[in-house]
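The values are calculated or read from the model by the stated rules, or taken from the named source; none is laboratory data. In this text the structure is predicted, and so the values were computed from the model without any measurement. As a convention, Cβ positions derive from the backbone with ideal geometry for all residues, glycine included, and neighbour counts pool all protein chains shown. The area values use the complete protein model at the heavy-atom level, side chains included, leaving out ligands, DNA and RNA. Shrake-Rupley method; radii C 1.70, N 1.55, O 1.52, S 1.80 Å.
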Amino acid sequence: MTADADIVEGLRAAGLAGEGDVVLVPLTGGVSCDVWKVETPSGPIVVKRPLPQLRVAAEWLAPIERGQSEVRWLRRARGVDPQIAPEVLAELPGYGFAMRFLPDSPVWKDELMAGRIDPGFAAAVGRGIAAVHAATANSVADRAAFPNDDMFRALRVDPFLLHVARNDAELGPALDALAGDLVSRKIALVHGDVSPKNILVGAGGPVFLDAECAVYGDPAFDLAFCTTHLLLKAVWLGDARLNEAAAALVDAYRTGVAWEDADGLMLRAGRLTAALLLARVEGKSPAPYLTDPDHKRVVRDQARASIVAPPPSLAGLVANWKRTFA
Ligand SMILES: Nc1ncnc2c1ncn2[C@@H]1O[C@H](COP(=O)(O)OP(=O)(O)OP(=O)(O)O)[C@@H](O)[C@H]1O
Ligand SMILES: [Mg+2]
């Protein structure tokens with residue numbers, strides 16, 4: 001039986017496909033998963049199944065159990081707010097799953113690239129992430145349900161922080177310390193990949209996808225990861241509204257921080273953002289669109305300066321972020 005036949009059989013067993021032909025239409029050229037859209041008698045669904053090995057130049061091995069982490073995150077997030085994640089309809093062989101297809105919900109990255117930049121939506125993203133963190137903070141049950149530290153190390157800490165640390169004598173110690181601090185904190189449920197390409201602009205606000213890296217850890221990581229993407233895009237697209245969107249995201253997130261001292265979290269998020277910005281120009285997973293040497297220099301110089309002299313708060317880093325040195 002081919003893998004696809006396996007999926008079709010799983011869909012039938014879950015009552016999600018009739019007896020006729022089931023057509024799996026690929027949805028993305030993603031590096032970590034097969035994702036298909038499937039028309040079923042009860043409407044369109046999305047089927048996602050993790051690949052054993054990521055489709056990137058520098059090979060990353062990642063256990064396929066990450067599919068299960070994603071399902072758990074989606075279900076948990078819907079428990080916090082049913083608007084912010086798609087409904088999981090069934091789990092399938094090979095850690096695949098089926099979820100409801102969200103119609104008329106463009107990917108936020110595509111909207112930003114088309115110049116539709118709405119700081120109000122960015123604020124809603126900040127509120128959504130903070131809501132999941134707030135609902136899961138200091139929860140013994142959530143901590144037990146997401147014991148994915150090895151996966152988070154392999155897919156996030158190593159490629160984004162330690163890889164750069166190993167190749168940078170000057171900043172290595174600071175990045176090592178940051179990585180150590182990040183993995184030591186067990187505060188709330190972290191999504192792990194909050195990027196505009198994993199957020200849909202849904203009718204009721206942001207919908208978060210792609211939670212394969214979910215872990216019980218430091219919530220500052222999600223905020224830093226998403227802010228990093230907006231600051232990189234500000235440089236790439238040269239659009240001040242992306243700086244505004246980043247500021248709105250950070251501000252709205254901060255309002256939702258009820259589980260710990262917000263100043264401490266913003267300090268950690270500022271440090272992490274500086275490191276992630278550097279990782280996107282020097283790391284194992286460079287931002288594919290930052291190819292212009294001037295863009296890279298603008299990101300690299302500001303990131304390095306913020307690692308050497310960390311900003312007191314993420315808001316400060318965002319407020320001072322330059323799109324160009326010209
Ligand atoms: N429930 C859904 N409704 C509508 N579209 C969806 C849904 N789930 C996924 N998609 C589409 O499929 C794309 C890929 O989904 P997802 O990010 O989960 O997979 P991925 O393989 O991990 O992607 P990548 O590696 O590119 O981030 C999304 O960007 C979106 O366009
Ligand atoms: Mg994705």
Give the number of residues within region 274-326 that are in a loop (DSSP other than H, G, I, E, B) and more than 20 Å from the chain's Cα centre (by Cα). 14
Would you pick out the residues in region 184-210 that are more than 21 Å from residue 32 (Cβ to Cβ) and more than 15 Å from ligand 2 (Cβ to nearest atom)? 184, 185, 186, 187, 188, 202, 203, 204, 205
Taking the conditions exactly as written (farther than 27 Å from residue 74 by Cα, assigned by TED's automatic domain parsing to the domain that holds residue 128 and not polar (S, T, N, Q)), does residue 205 satisfy them or not? no
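Restricting attention to region 252-273, which residues are assigned to a helix (DSSP H, G or I) and either among the hydrophobic types (A, V, I, L, M, F, W, C) or modelled with pLDDT under 95 (or both)?
252, 262, 265, 266, 267, 269, 272
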Taking region 9-40 and keeping residues more than 16 Å from ligand 2 (Cβ to nearest atom), aliphatic (A, V, I, L, M) and open to solvent by 70 Å² or more (accessible area, probe 1.4 Å) leaves 13, 23, 25
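Take the residues in region 79-108 that are of a type in the set (A, V, I, L, M) and surrounded by 22 or more Cβ atoms within 10 Å (Cβ to Cβ), then tell me which one is farthest from the chain's Cα centre (by Cα). Talk me through it step by step, then tell me what you get.
So the first thing to find is which residues in region 79-108 are of a type in the set (A, V, I, L, M), and the list is 80, 84-85, 88-90, 92, 98-99, 102, 107.
With the extra rule that they be surrounded by 22 or more Cβ atoms within 10 Å (Cβ to Cβ), the set shrinks to 84-85, 92, 98.
Values: 84: 14, 85: 13, 92: 23, 98: 20 Å.
Only one residue fits best here, namely 92.
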Quick check: is even one residue across region 69-85 outside any helix (DSSP H, G or I) and at pLDDT 95 or above? yes
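Looking at region 109-208, what strands (runs of 3 or more DSSP E) fall wholly within it and have at least 3 residues that are open to solvent by less than 20 Å² (accessible area, probe 1.4 Å) and aliphatic (A, V, I, L, M)? Break it down into steps so the answer makes sense when it comes.
On the way: elements: 188-190, 199-202, 205-208.
It comes to 188-190.
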Taking region 190-247, which residues are of a type in the set (A, V, I, L, M), more than 16 Å from ligand 1 (Cβ to nearest atom) and touching a His at 6+ places or on another chain (Cβ under 6 Å)? 235
When the residues of region 220-243 are narrowed to those that are out of contact with any strand residue (DSSP E or B) (no Cβ under 6 Å at 6 or more places or on another chain), charged (D, E, K, R) and assigned to a helix (DSSP H, G or I), which ends up most open to solvent (accessible area, probe 1.4 Å)? 241
